[in-house]
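First up is the structure itself, then whatever we jot down about it.
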Amino acid sequence: RYDSPGQILEWDNSRGEFKHPIFWASIFTKSYKREFSVTDEELAIVPVKNHKQSHNNPNALSEKTYSLDDVINSKKLTDDLRLHDCSRPCTGGASILLASENTCKKFTDTPIWITGIGQKTTSAGFTKNITFSSMESTQIAATSAFQMSKRNITDVDVAEVHDAFSVCEPMALESLGFTDKGKGIDMIKELHTTNNFKINPRGGLIGAGHPLGATGIAQTIEITQQLQSSANKRQVKNAKIGLVHNMSAAATSSTVLVLER
């Protein structure tokens, strides 16, 4: 679908007038732009990059690519968000096979190991967030995942991050520790101009589509394929360690996985 920037779940009704995802996303965008002097044109690089990368994903919702002008000139939904700043809700399914070390070797010669898991819910409502320009739950979940895996962010070769809206990608990169606060856009610019697929190689939620409950598993499948060197045109060279980041409920709940081959 191309006419809706998000879906309302039963739980969302507890947020009253702010129940639609576009509202919290707009607040995040306004806060992030104001705190770090980021422009609409800079945020528009996120969907441009991710739609370009989704072009190599046969399971993406669409093969369309967009220019910076396409994003800026797309339908304005709020003061700070346009249609192409948003991921597209869609139907879809994803599945993975989880097994013990002994069992998995019966099915594959290239198992991928989950070496770290972190999960955190910071509050029941996004209005209790400490800040609207970073993801506290993501930062805490990432710390737990790295501690369990005995790895750190500099070890990560490829990552899937939750870009439900354009502002979410730089916020996630900063909260995960890939770059400093306010520098997420600079990192995204560099990735885009150098054709580096390290972040969201399948196109992210914006490029590939967002089937909600299936999204986290789809992200995990992508990292698994990357670490098995089976991602075809999307392949990140010599990827050995990957990260999956998924969040929900206006970034009040986050899960981070560290995977290794």
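Kindly evaluate Ser137 against the criterion of being outside any loop (DSSP other than H, G, I, E, B), more than 23 Å from Ser37 (Cβ to Cβ) and at pLDDT below 95. Yes: the conditions hold for Ser137. Within the range 62-101, the residues that satisfy the criterion of being touching a residue at least 40 places away in the same chain (Cβ under 8 Å), within 30 Å of Trp113 (Cβ to Cβ) and aliphatic (A, V, I, L, M) are Ala94, Ile96.
Grab the helices (runs of 4 or more DSSP H) fully contained in the range 169-261, keeping just those with 1 or more residues being at positive phi. Show your work before the answer.
Details: elements: 184-193, 204-208, 215-227.
Fully inside the range 169-261 and qualifying: 204-208.
For the range 13-54, give me each residue that is at pLDDT 95 or above and part of a loop (DSSP other than H, G, I, E, B). Result: Ser37, Val38, Thr39, Ala44.
The values are calculated or read from the model by the stated rules, or taken from the named source; none is laboratory data. Remember, predicted model here, so these are calculated numbers, not experimental data. Cβ: placed from backbone, ideal geometry, glycine included. Neighbour counts: every protein chain shown.
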